[in-house]
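Peer 1: Here you go, one structure.
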Amino acid sequence: MCNPVVAAVASVAGTLYSGVAQMQAAREQADAARMQSEYQARALEFNAEQARGEAEAVSKQGAAEQEALARKQRAVAASGRAAAGASGLLVDSGTAAAVEEATELEAARDRDVLRQNYQRQRFGLVNQAVGLEHQAEGTRRGGEAYASAVENAGRAALTGSLLSSAGVVAAKWDDMVVGRKKPAAATAHRSFYKGFWGLN
């Protein structure tokens, strides 16, 4: 027959080992979750930086195209003014002035449309960058929350193992203590009843 102390120690050791192993596995899983979420967050932040860089490039390209369009429009207007002047028209009054004014208004509208198109494009890219940055922050927080939950589960497993071990020790201790006292208690119990009823 197995010694109850050895059995209790073996049971406690096995239970504790299981709890420690579960806690270690939980810690490794939590570390992996943190690394994965950090990797994803950095990738999102990189994409956000790319979008911001693209927005800046779009802004510069838009400014350059607006300036090029304005130069072209000024050249066309100057050419038209020169042609009108060469043909003997008065360019500062009458129909020629009205045509020139209408042409300038149309040119200003064209520049404004070009500017708005580039602004919309830039605004979309900046919004994309902000969204990616928020997503990166959410990914980090989600990874940390998951890692904490896994670590808490590991600690709970270890605590459960400790409590289970304490229960095993208490049960074995009780078996050993009660097992030794049982014959004496039973004898005392029988002696009491025999003496009470006069059955010595």
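Read-outs: derived from the displayed coordinates by stated rules, not from any lab. Please read these numbers as outputs of a predicted model, since none were measured by experiment. Glycine gets a Cβ as well: all are built from the backbone with ideal geometry, and neighbour counts include every protein chain shown.
Peer 1: Among what's in the range 97-124 and is touching a Gly at 6+ places or on another chain (Cβ under 9 Å) and of a type in the set (A, V, I, L, M), pick the residue that is nearest to Ala70 (Cα to Cα).
Peer 2: Leu114
Peer 1: Now for a separate question. What pairs can you find where one residue is in the range 144-157 and of a type in the set (Ser, Thr, Tyr), the other is surrounded by 15 or more Cβ atoms within 10 Å (Cβ to Cβ), and their Cβ atoms are less than 6 Å apart, with a gap of 6+ or different chains?
Peer 2: Final answer for the pair search is Tyr146/Ala33.
Peer 1: Against the conditions (1) more than 30 Å from Glu45 (Cβ to Cβ); (2) assigned to a helix (DSSP H, G or I), where does Asp92 fall short? Just the number, please.
Peer 2: Failing condition for Asp92: (2).
Peer 1: Kindly indicate the residue of the range 41-100 that is basic (Lys, Arg) and under 30 Å from Val126 (Cβ atoms) and also surrounded by the most Cβ atoms within 10 Å (Cβ to Cβ) among those meeting that condition. Please lay out each step first, then the result.
Peer 2: Start the filter on the range 41-100 by keeping residues that are basic (Lys, Arg), which leaves 42, 52, 60, 71-72, 74, 81.
Next, from what is left, pick out any that are under 30 Å from Val126 (Cβ atoms): 42, 52, 60, 71-72.
Numbers: Arg42: 13, Arg52: 17, Lys60: 12, Arg71: 10, Lys72: 12.
Out of the qualifying residues, it is Arg52.
Peer 1: Within the range 9-38, how many residues are acidic (Asp, Glu) and surrounded by 13 or more Cβ atoms within 10 Å (Cβ to Cβ)?
Peer 2: Total meeting the criteria: 2.
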